Every structure is written in structure tokens, then in C-alpha cells.
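One structure below.
The values are calculated or read from the model by the stated rules, or taken from the named source; none is laboratory data. The model shown is predicted, which means the values in this text are computed figures rather than measured ones. Virtual Cβ from ideal backbone geometry, glycine too; neighbours counted across all protein chains shown. In case anyone asks, the SASA skips ligands and DNA or RNA and just uses the protein heavy atoms, side chains included. Shrake-Rupley method; radii C 1.70, N 1.55, O 1.52, S 1.80 Å.
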Amino acid sequence: MPTQERRPTPDDIPPQKLDYPASQRDMTPQPDSDLSNYSPANKLTGKVAFITGGDSGIGRAIAIAYALEGAEVAIFYNENDIDADDTKKMVKDIGGKDCLSIKGDVRNYEDCAKAIKQVVDRFGKLNILVNNAAYQMTQKKFEDISLEQFRRTIETNVFGYFYMVKAAISYLEEGDVIINTGSIVGKIGKGMLVDYATSKGAVHTFTKSLAQNFGDRKIRVNSVVPGPVWTPNIPATMPIEKVDNYDTDGIMKRAAQPEELAPVYVFLASSDSSFVTGALYDVTGGQLSA
Ligand code: NAD
């Protein structure tokens, strides 16, 4: 795996278009998810974590990082069995932990409630809820955003996060955390991602409002705000010319690899961040505008 000094640059990313939902296996180059440069320190020993969208991309890297830090890990995904199996195997091989993998749809409250119960039945509790699953589809022209697409985006990215919190909250106690994955486009907007950017803006205010609501219970709520990250969503939802040389918008002039996001999710899940709540934690490579 590349060292921190040699991350793939836009020049390493050839044009490619994959059908949605894409498998991480079909991407060129393969995203770095294995945390090979990471030094764990038992920061989450004794904790139980549940990560939506944990089959691939950022969610996979979080699952591996949490296992390396000693947590019991469960992932939730909707379609891609191969990616989910790959994550399960990597969590075991790299993190040394069995990973509970649950298939379902975050747009369906029953699926969310069933999954949370399954985690608690298996591990006896839940300490860390990571809302990370999301849907996006780019449309250059506003008229091409169908009612169905708008509904799917908002139902996945907003209702889905609410449903998971609703299902999980009765199990969360003082010291437990909720971490939502936002997006830089939820702060600055994006012309070809109108519905998605809108949903991510909602995730950010959801995060801040929940942090206030759960403050007395000492349950901390934060958002990680990624910039461009090399994950299956990119070649499956972006125009091919945008995938080619992805991405040069930020100060660092490259996309992140999923494993570069994971340490921030560890920080926000551990007691190292005991004074952090209601925060939108940017990991954008310096992307300041759309
Ligand atoms: P990814 O390509 O790994 O795919 C997202 C995952 O979400 C899917 O694999 C699937 O498991 C899950 N999902 C989608 N719809 C679902 C549904 N209805 N029910 C259950 N699960 C569902 O994703 P990624 O790029 O790693 O994205 C992870 C998070 O990071 C998302 O919240 C995304 O919005 C955010 N993000 C990504 C980028 C980026 O450039 N990749 C940038 C900013 C924010």
C-alpha cells in the first residue's frame, strides 16, 4: 500500500464509468482502505460500533479502524453483498474481530430498528452509531432531477439518519456517540448535486440540533465533512469526464483515500474528543469552494 507521502494523484485515476451501485472491486486504482499506515492504541476497546454504508468506501475504512482500536463492529448495507463480504473479511484479517454484517434499507424504519436490535442482541449494547450510508446521482440540468431521484436522495440521506437515531437512542447512554457523515457540498452547494447537497446541509443541522438535544444525556453528536474521496460512489454517479483525473478542486489537488478519513471517526468516537459535540469536522484536502 502507498505510504502517506505517495497517495494516488489525479493522474493515477483514469476515466471510468461503473453502473450504480458499483463494487469497490471494479475500481481503478483500488481505494486504500486497509489502514496500513495507522497505529492503533486501544482507543475503542469495550465499545460496540454500528456503521451504515460499511460495505465500501469510507464506511469500510471506519469499520477496519474501529476494529483495530478494539471495538466490536457491525456494518449495514443495502445491495452489494460482495463488498460487504470483503469488509467482513478485512475486519477479521486486519482488525482481528468478527464483523456482523446486516443487509437492509435505511429508507425503511423497520429495517433500521431490526438492525439496531440485532446489534444489541449480538453484542449486548451499542455505543457508537455512525450514519454514513448515502445516495447521490449527478445531473447537470436541474430539469433532469426526477421526483423519484429527489425523494430517494432525501429519504436515504435524511430520513435514513433520523430513522437510525430513532431506533438507536434508547440504547445509547452517557459517553456514547453519534457520528454523521456530511459533505463539503452541504456547506458550499454543488450545481450538479442539488438534491444531494441539500440533504447534506440537512445532515449538518441535524447534527448540531441533536448535539443540543442530547447534551443533558452526555451523548455527543458530530459530523465528519469529507471532501472528494475515491470510493465506488464516484465512478458510479459522476460524469466520466469528472472521474478522469479525480479530483483537483482542493488545496491538496487530489482526492482522499477512504483510510484518510477513518482516524477522524476514531477521534470522534473515543474519549479523546470528550469536549467535542455539535462539530462539523472538515476533512476536505482544503476544498473551500465548489
Ligand atoms: P460508497 O461508495 O461506499 O457507497 C455508499 C454506501 O451507502 C453503499 O455502499 C451502501 O452500503 C450504502 N447505501 C446507499 N443507499 C442505501 C440504502 N438505501 N440503505 C442502506 N444502505 C445504503 O460511499 P462513500 O463515498 O464512502 O460514502 C460514504 C459517505 O461519505 C456518504 O455519506 C457520502 O455522502 C459521504 N461523502 C462521500 C464523498 C466522496 O467523495 N466519496 C464526499 C463527501 C461525502
**Message:** Considering only residues that are open to solvent by less than 10 Å² (accessible area, probe 1.4 Å) and either closer than 16 Å to Thr205 by Cβ or not in a helix (DSSP H, G or I) (or both), which ones fall in segment 146-159?
**Reply:** Asn157
**Asked** Of the residues that make up segment 112-122, is at least one part of a loop (DSSP other than H, G, I, E, B) and surrounded by 18 or more Cβ atoms within 10 Å (Cβ to Cβ)?
**Response** no
**Request:** Identify, from the list Thr138, Thr156, Thr87, the residue that is in contact with an Asp or Glu (Cβ under 7 Å, 6 or more places away or on another chain) and among the β-branched types (Val, Ile, Thr).
**Result:** Thr87
**Message:** As an exercise: evaluate Ile58 against (1) out of contact with any Phe, Trp or Tyr (no Cβ under 7 Å at 6 or more places or on another chain); (2) surrounded by fewer than 24 Cβ atoms within 10 Å (Cβ to Cβ) and give the number of the one condition it does not meet.
**Reply:** (2)
**Item:** Single unsatisfied condition, Ala256 versus (1) within 14 Å of the ligand (Cβ to nearest atom); (2) in contact with a strand residue (DSSP E or B) (Cβ under 6 Å, 6 or more places away or on another chain); (3) within 14 Å of Thr181 (Cα to Cα)
**Value:** (3)
**Message:** Can you find, within segment 81-98, the residue that is surrounded by the fewest Cβ atoms within 10 Å (Cβ to Cβ) among those that are farther than 16 Å from Tyr38 by Cα and in contact (Cβ under 8 Å) with a residue 60 or more places away in the chain?
**Reply:** Asp86
**Message:** Whether any residue in segment 95-107 is part of a helix (DSSP H, G or I) and either touching an Asp or Glu at 6+ places or on another chain (Cβ under 6 Å) or among the charged types (D, E, K, R) (or both) is what I want to check.
**Reply:** no
